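J.: A single structure is presented below for examination.
What follows is calculated from the coordinates using simple rules that are stated; it is not laboratory data. The structure displayed is predicted, hence computed values, not measured ones. We place every Cβ from the backbone using ideal geometry, glycine too, and count neighbours over all the protein chains shown.
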Amino acid sequence: MRVEGRVLWKRFALVFVPGALVMALLLDGIMRGAIGATFVVADGTIKASAREVRQGPFASYGGYVVNSAGDHIPVLVNRISHLSAWDFCQSSIMHTPIGPVTLRVTGGHDSPVRARDLTTYEIMLAGDITYFNLEVNRDAATLDAVPNFTGPPGDFGQQGTSGVIFNFRDINWAVTAKMFSVPDSHLTVRRNGPECF
């Protein structure tokens, strides 16, 4: 008579162990920040601009984000411990059944926009930039300017103690923050509306 419900432990181990190892590596990479945004990014980027940006300790390394098609998009992963921005603007294009729509948020005119533990997945940065105590091409695994933020061993990394950027402009695939405060915020949603730049 055939016995039902037997577990073939060798076959189970062959399937389970590699999967568990991959999951452990993924979780470790996410916790260390070595893997890009932990969500699938939309098919458009985010533009941001400001008259002036002042930031505290920061660190960066090369990484990637993943879109809905499964494409791996290269980015510079930046973590900034705290940031203040004046005359701030952020915009993105939404593709809708009625055509392109611009989502635009402005604020920080009288008092600054503030962010804490800000992470950006950047593809462009422009402005008049001054960094302090800058270290470029440091091994990403040894970054220590921002707590709990390192990259893969042997990869490019950079960090500094602070920075000032005038006429700030950047483009990102994703942005996350523990806190993001926008005083005097104003949101507009317009067909073919203007972007920040």
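J.: Do you know which residues across region 76-92 are of a type outside the set (Ser, Thr, Tyr) and buried (at least 19 other Cβ atoms within 10 Å of the Cβ)?
T.: First, pick out the residues of region 76-92 that are of a type outside the set (Ser, Thr, Tyr): 76-80, 82-83, 85-90.
Passing the criteria: Val77, Asn78, Arg79, Ile80, Leu83, Ala85, Phe88, Cys89, Gln90.
J.: Answer with yes or no whether Gly108 is small (Gly, Ala, Ser), in contact (Cβ under 8 Å) with a residue 12 or more places away in the chain and buried (at least 17 other Cβ atoms within 10 Å of the Cβ). Please lay out each step first, then the result.
T.: Numbers: small (Gly, Ala, Ser): yes; in contact (Cβ under 8 Å) with a residue 12 or more places away in the chain: yes; buried (at least 17 other Cβ atoms within 10 Å of the Cβ): yes.
The answer is yes for Gly108.
J.: For region 177-188, which residues satisfy the criterion of being of a type in the set (Val, Ile, Thr) and surrounded by 15 or more Cβ atoms within 10 Å (Cβ to Cβ)?
T.: Narrowing region 177-188 to residues of a type in the set (Val, Ile, Thr): 182, 188.
Once the filter is applied, which keeps residues that are of a type in the set (Val, Ile, Thr) and surrounded by 15 or more Cβ atoms within 10 Å (Cβ to Cβ), region 177-188 yields only Val182.
J.: So, one more: Could you check region 120-142 and list, in sequence order, the residues that are surrounded by 15 or more Cβ atoms within 10 Å (Cβ to Cβ), among the β-branched types (Val, Ile, Thr) and farther than 15 Å from Ala85 by Cβ?
T.: Scanning region 120-142 gives a single hit, Ile123.
J.: Among the residues of region 71-124, which ones are under 22 Å from Asp43 (Cα atoms), part of a loop (DSSP other than H, G, I, E, B) and not β-branched (Val, Ile, Thr)? I'd like the intermediate steps shown before the answer.
T.: Just the residues of region 71-124 that are under 22 Å from Asp43 (Cα atoms), to begin with: 71-78, 89-105, 118-124.
Filter once more, keeping what is part of a loop (DSSP other than H, G, I, E, B): 71, 97-98.
Of everything in region 71-124, those that are under 22 Å from Asp43 (Cα atoms), part of a loop (DSSP other than H, G, I, E, B) and not β-branched (Val, Ile, Thr) turn out to be Asp71, Pro97.
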